[in-house]
Amino acid sequence: MASDTTLTSLTLAEAREGLLKRAFSSAELVRACLDRTDETEPKIRACLRVLRDQALADAAALDAAGPDPSRSLWGLPVTVKDVFLVRGAPSTAGSRMLESYMPGFEAGVVTRLREAGAVITAKTNLDEFAMGSSTEFSAYHPTRNPWNLSRVPGGSSGGAAAGISARQAPGAFGTDTGGSIRQPAALCGCTGLKPTYGRVSRYGIVAYGSSLDQAGPLARNVRDCGMLLAAVAGPDGSDSTSSRVPTEDLSALAPPAARSLRLALPRELWEGRFEPEVEKVLGAARSLLEGAGASLETVSMPSLRYSVAAYYVLAAAEASTNLARYDGVRYGYRTPAKGDLLSLYRESRTAGLGPEARRRILLGTFALSSGYYDAYYKKAAQVRRLIHDEYVETLRKHDFILAPVSSIPAWPFGSFTEDPLTQYQLDVMTLPLNLAGGPGLSLPAGLGGDGLPVGIQILGPHFREKALLEAGLLLESLFPRLPEPSFAES
Ligand code: GLN
């Protein structure tokens with residue numbers, strides 16, 4: 001059935017208005033999104049599971065009770081990456097290891113989404129355990145980029161971003177350990193926010209790098225990201241790393257005057273090599289900002305040079321400990337082969353984990369081993385501190401840091417699967433934010449001549465998401481609006 005495009009093209013804020021005015025029901029809106037999902041899935045495969053029956057039942061129950069303006073996401077369809085535990089739905093984290101895992105409890109984010117009245121429509125695809133930048137490492141299938149089906153959607157939250165861009169839902173949640181919200185948002189032409197570490201509960205999210213993981217929204221625009229963040233932000237007693245810093249009121253966002261905006265552009269990120277189309281769009285974005293009166297100042301953050309090395313030691317170290325639980329006994333896939341305990345562990349993990357997860361476990365276990373700990377883990381932790389301090393120092397003199405998200409646009413499948421180090425290097429723009437712990441917003445800067453979207457990010461002071469979103473509104477108003485994605489074949 002063809003989907004109702006008048007409903008699927010609405011932003012979250014517009015859809016909320018329509019729901020509260022009873023212009024349409026939650027069931028109608030949810031059904032339109034599910035139909036659109038059915039229509040676009042054969043092309044992009046953004047979802048690991050579409051929760052059709054449950055979503056329609058949830059929407060019908062909301063409709064029966066009537067619109068509730070006190071619930072900020074009442075009746076609105078939202079997808080979640082398959083690392084968020086949802087009751088009654090398998091949560092695989094993109095891994096064979098968790099293929100048959102049925103959670104008995106729900107992620108804090110999901111609970112809050114439900115309390116706000118949202119309807120969860122799908123669990124979206126990702127690189128296995130959120131390790132990757134292209135969604136090609138999903139154990140199930142890759143996701144394709146709606147702007148060009150021969151290209152990756154970015155990752156690891158590639159399903160979330162592709163789904164937003166294909167209008168499968170107006171809102172999505174992903175996680176960002178080293179760029180996994182911002183980079184796929186940029187490559188798919190949508191908007192994504194990585195909140196400050198600790199702003200959003202990690203309870204019930206399959207862990208990758210616990211000191212870096214942070215959940216956040218993807219949507220069609222900045223305001224919708226604000227709506228989604230507001231619904232889930234704040235302390236959670238079930239997550240000891242969730243912050244007690246009071247949440248800000250995000251209900252009334254207004255862009256600042258461009259003339260008052262002081263942006264720092266780290267030369268370590270801007271002076272690298274860019275693909276020409278990306279360079280053009282980023283150059284135009286800078287000119288638009290300058291033309292509007294914002295001050296753009298090149299700064300130096302020398303420690304950023306080491307962010308890829310530091311991140312891949314720290315993230316792999318944390319991953320190796322987080323993934324140790326999947327041994328076929330305590331958690332995860334268990335091999336049917338009979339043998340001693342060691343071969344049970346070995347065979348379960350060999351069958352359950354893909355090549356990238358295995359690589360990270362080996363790397364991380366090595367970095368943590370006695371004799372190498374000081375040389376790798378400790379050094380990386382020291383570099384992390386330097387990056388954090390440079391970040392804070394830069395934001396003492398400037399309102400925000402402005403940076404590219406990716407030096408290349410969405411790339412063809414298979415470009416880097418044989419060359420993981422080059423793929424790691426591509427993360428250089430996004431990793432520093434996670435090491436510093438601050439919030440960052442990625443939004444479309446424009447479309448390259450190749451028909452692929454290019455993103456830009458602004459990074460702000462810890463726990464100042466409101467100011468960040470407001471600055472995002474200004475940037476969004478200056479940059480060209482993207483057309484609908486083309487679903488081009490090549
Ligand atoms: N690409 C980075 C990695 O592979 C970041 C992934 C993420 O943010 N989850 O680790």
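The values are calculated or read from the model by the stated rules, or taken from the named source; none is laboratory data. Computed from a predicted model, the values in this text were never measured in an experiment. Don't worry about glycine lacking a Cβ; one is built from the backbone with ideal geometry, like all the others, and counts go over all protein chains shown.
I'd like to check something: does region 141-156 contain any residue that is under 26 Å from Gly108 (Cα atoms), out of contact with any helix residue (DSSP H, G or I) (no Cβ under 6 Å at 6 or more places or on another chain) and of a type outside the set (Gly, Ala, Ser)?
no
I want to confirm something. Restricting to region 213-250 and keeping residues that are free of Cβ contacts under 8 Å to residues at least 40 places away in the same chain and over 21 Å from the mean Cα position of the chain (by Cα), which single residue is surrounded by the fewest Cβ atoms within 10 Å (Cβ to Cβ)?
My answer is Arg244.
Return yes or no: is Ala292 in contact (Cβ under 8 Å) with a residue 40 or more places away in the chain and touching a Leu at 6+ places or on another chain (Cβ under 6 Å)? Don't jump to the end; show me each part of the working.
Details: in contact (Cβ under 8 Å) with a residue 40 or more places away in the chain: yes; touching a Leu at 6+ places or on another chain (Cβ under 6 Å): yes.
Yes, satisfied.
Residue by residue through region 262-291, note down the ones that are of a type in the set (Asp, Glu) and either in a helix (DSSP H, G or I) or within 24 Å of the chain's Cα centre (by Cα) (or both).
We begin by selecting, within region 262-291, every residue of a type in the set (Asp, Glu); these are 268, 271, 275, 277, 279, 290.
Selection gives Glu268, Glu275, Glu277, Glu279, Glu290.
Which condition number does Gly158 fail, the rest of (1) out of contact with any Lys or Arg (no Cβ under 8 Å at 6 or more places or on another chain); (2) under 9 Å from Ala46 (Cα atoms); (3) away from the ligand (no atom under 16 Å from the Cβ) being met?
(3)
Does Leu187 qualify as being in a strand (DSSP E or B), within 16 Å of the ligand (Cβ to nearest atom) and farther than 26 Å from Gly104 by Cα?
So Leu187 does not fit the description; no.
Restricting region 442-474 to residues that are assigned to a helix (DSSP H, G or I) and out of contact with any strand residue (DSSP E or B) (no Cβ under 6 Å at 6 or more places or on another chain), which is surrounded by the most Cβ atoms within 10 Å (Cβ to Cβ)?
Going residue by residue through region 442-474, those that are assigned to a helix (DSSP H, G or I) are 465-474.
So of that shortlist, the ones also out of contact with any strand residue (DSSP E or B) (no Cβ under 6 Å at 6 or more places or on another chain) come out as 465-467, 469-470, 473-474.
Working: Glu465: 29, Lys466: 20, Ala467: 17, Leu469: 27, Glu470: 19, Leu473: 19, Leu474: 21.
By that ranking, first place goes to Glu465.
Across region 166-184, what is the number of residues that are in contact with a strand residue (DSSP E or B) (Cβ under 8 Å, 6 or more places away or on another chain) and more than 16 Å from the ligand (Cβ to nearest atom)?
Qualifying residue count, region 166-184: 4.
Report, ordered by the first and then the second residue, all pairs with beta carbons closer than 9 Å, sequence separation of six or more or different chains, a first member in region 389-415 that is in a helix (DSSP H, G or I), and a second member that is surrounded by 19 or more Cβ atoms within 10 Å (Cβ to Cβ) and β-branched (Val, Ile, Thr).
Tyr391/Ile401; Thr394/Ile401; Leu395/Ile401
Looking at (1) of a type outside the set (Lys, Arg); (2) touching a Ser or Thr at 6+ places or on another chain (Cβ under 7 Å); (3) surrounded by fewer than 24 Cβ atoms within 10 Å (Cβ to Cβ); (4) more than 30 Å from Ala60 (Cβ to Cβ), can you tell me which one Ala130 breaks?
Status for Ala130: all satisfied but (3).
Please state which one of Tyr306, Tyr331, Tyr326 is at pLDDT below 95 and out of contact with any Pro (no Cβ under 9 Å at 6 or more places or on another chain).
Residue meeting the stated conditions: Tyr331.
Mind checking which residues of region 190-207 are closer than 20 Å to Pro153 by Cα and either without any contact (Cβ under 8 Å) to a residue 60 or more places away in the chain or within 13 Å of the ligand (Cβ to nearest atom) (or both)?
Taking region 190-207 and keeping what is closer than 20 Å to Pro153 by Cα, we get 190-194.
Passing the criteria: Gly192, Lys194.
Please note which helices (runs of 4 or more DSSP H) are completely contained in region 1-112 and include at least 3 residues that are under 22 Å from the mean Cα position of the chain (by Cα) and in contact (Cβ under 8 Å) with a residue 40 or more places away in the chain. Give the steps one after another, and end with the answer.
Working: elements: 5-8, 12-20, 26-44, 52-65.
Helices (runs of 4 or more DSSP H) meeting the threshold: 26-44.
When only residues in region 153-205 that are of a type in the set (Val, Ile, Thr) and out of contact with any Gly (no Cβ under 7 Å at 6 or more places or on another chain) count, which is surrounded by the most Cβ atoms within 10 Å (Cβ to Cβ)?
Within region 153-205, the subset of a type in the set (Val, Ile, Thr) is 164, 175, 177, 181, 191, 196, 200, 205.
Adding the requirement that they be out of contact with any Gly (no Cβ under 7 Å at 6 or more places or on another chain) leaves 164, 175, 191, 205.
Working: Ile164: 31, Thr175: 28, Thr191: 27, Ile205: 27.
For region 153-205, the residue satisfying everything is Ile164.
Suppose we keep only residues that are surrounded by 20 or more Cβ atoms within 10 Å (Cβ to Cβ) and not aliphatic (A, V, I, L, M) within region 399-415. Which one would you say is farthest from the chain's Cα centre (by Cα)? Please lay out each step first, then the result.
Of region 399-415, the ones surrounded by 20 or more Cβ atoms within 10 Å (Cβ to Cβ) are 399-406, 409-411.
Checking which are not aliphatic (A, V, I, L, M) leaves us with 399-400, 404, 406, 409, 411.
Numbers: Asp399: 23, Phe400: 20, Pro404: 16, Ser406: 14, Pro409: 17, Trp411: 18 Å.
That would be Asp399.
What tally of residues in region 113-123 results from selecting those that are of a type in the set (A, V, I, L, M) and assigned to a strand (DSSP E or B)? Please lay out each step first, then the result.
First pass over region 113-123, keeping only residues of a type in the set (A, V, I, L, M): 113, 116, 118-120, 122.
Subsequent filtering for residues that are assigned to a strand (DSSP E or B) retains 119-120, 122.
Qualifying residue count for the region: 3.
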